[in-house]
Amino acid sequence: MAFSNDPVPVNSDPQPLHLEPSELGTKEYWDHLYTTELSNHASDPTDTGTNWFDDSNAQDKVIEYLSTLSLPQSMTSFLDLGTGNGALLFGLRDDGWAGRMLGVDYSERSVEFARRIAVSRRMERKEEGLEEEKEDVEFRWHDILNTPPEQLFYNGTEGQWDVVLDKGTFDAISLSAETDANGRRVSEGYRGQVLKLVRDGGIFLVTSCNWTEEELGKWFEGVKEGDTEGVTEGVGFEKVGRVQYRSFSFGGVQGQTISTLCFRKMVRR
């Protein structure tokens, strides 16, 4: 249930220790990567670039999981944060999801690459005599940490999204050495920005190779003490599911190489 008279639980767990910064947390790294992938795609239109976490079959498993959530395929809206080449949204469209889809990225080269792939897909469908998709997958530049989230609303204040996706974006942000105006690592402000983009009762699905399920819960679940800036009091995420991946055992401990958790946006009424 999205609305409750009970307070959304306060998450008083200490947040996980920050990761050591790396070049994967810089815009320059991603601009360079997508410049290369644009060049490769221009030479070979079938080369659509890297599908992150493909070795764990993450994209197919995320799409399969979404089909279990009783969401209407004809109208559910999706926002993909840090969309890269747009592969996750294209995969959803191919699986029959027909609602509005928007992929955003702070790398202009990423957005250009995803748009070119979208054009190639339309041409392929036309050549194969397939019916055109009723609504194109959209791609737009957006810096989630520095651009007002309202710019991504598509129907005034009612334009928040049914499902917000993150496949590796929080990982990259966690590797950034940048700090905000309060001197915090920028990863600490990510949750609050995502909350503003998800409609009440909507879904946030995050996939990570850097954080365990327990750590993701500490970053995102509940209402964070002292983290109410720009977010209505009593609003928070509740963990409602997880994606199961192939597990391994080391030293008697079970683990996975990546983690995907599903959160629902809860609002106290």
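The values are calculated or read from the model by the stated rules, or taken from the named source; none is laboratory data. Nothing here was measured: the structure is a model prediction, and the numbers come from that model. Cβ sites come from the backbone with ideal geometry, for glycine too, and all protein chains shown count toward neighbours. Note: areas computed on protein heavy atoms with side chains; ligands, DNA, RNA excluded. Shrake-Rupley method; radii C 1.70, N 1.55, O 1.52, S 1.80 Å.
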In the stretch 72-87, which residues are of a type in the set (Gly, Ala, Ser) and buried (at least 22 other Cβ atoms within 10 Å of the Cβ)? GLY82, GLY84, GLY86
Specify which of the listed residues (LEU175, LEU165) is under 11 Å from PHE78 (Cα atoms) and either open to solvent by 10 Å² or more (accessible area, probe 1.4 Å) or touching a strand residue (DSSP E or B) at 6+ places or on another chain (Cβ under 8 Å) (or both). LEU165
Restricting the search to the stretch 88-110, which residues are open to solvent by 20 Å² or more (accessible area, probe 1.4 Å) and farther than 15 Å from LEU33 by Cα? ARG93, ASP94, ASP95, GLY96, ALA98, ARG100
Segments classed as helices (runs of 4 or more DSSP H), wholly inside the stretch 19-101, with at least 2 members that are within 15 Å of the chain's Cα centre (by Cα): 58-66, 87-94
